[in-house]
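Shown next, in structure tokens, is the structure this report addresses.
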Amino acid sequence: MKKFILSAIVAICTIPLYADDNPKKDEDKYAIVLITTDKPLRDTRSRSAIGSPVSAYLDTDMGTIEVAFDVPEGLATASIVNAFGQTVYQYTCNSEIEWLIYLPLPADEGCYTLKIVTSEAEYEGSFTL
């Protein structure tokens with residue numbers, strides 16, 4: 001019985017050593033803070049229990065921006081706008097069906113704005129490459 005308890009303690013103590021070797025870390029994934037800029041949110045249906053109706057993450061490792069629609073808001077247009085106000089990339093989807101989209105990162109370094117326009121609200125967040 002003592003050998004079993006001792007081996008269990010050793011096994012439990014070595015778990016943190018192997019947990020740090022996780023190959024997929026989110027060091028290169030940063031949240032883009034989105035604020036509502038125009039229309040108030042009217043729909044209360046949500047795919048998540050907590051959080052904003054729309055969330056966005058900048059993933060420099062994969063070269064994408066991940067946009068998640070936690071509240072289905074119908075037709076949505078996501079745009080990446082550079083510092084000069086020019087639209088670098090634009091994508092339109094139905095957030096009722098396609099609730100997770102990936103936008104490519106711009107090729108040039110600089111300051112950009114992510115704009116998401118839906119029938120329910122408009123969201124905007126800034127990021128820098």
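The gain in end-to-end length when the T36 to Q86 segment is fully stretched comes to 15.9 nm, 0.36 nm per residue minus the alpha carbon separation.
Hey, for a label at C111 modelled as a point 7 Å past Cα toward Cβ, could you say which residues of the stretch 54-93 have their backbone N under 18 Å away? Flagged as within label range: 80-88.
Considering all different alpha carbon pairs of the stretch 47-129, the Kirkwood hydrodynamic radius works out to 13.0 Å. Estimated at 0.36 nm per residue, the fully extended path between E98 and T128 surpasses their Cα-Cα distance by 8.2 nm.
Read-outs: derived from the displayed coordinates by stated rules, not from any lab. Note that the structure is predicted; figures quoted are calculated from it, not measured. Please note: Cβ atoms are built from the backbone with ideal geometry, for glycine as well, and neighbour counts cover all protein chains shown.
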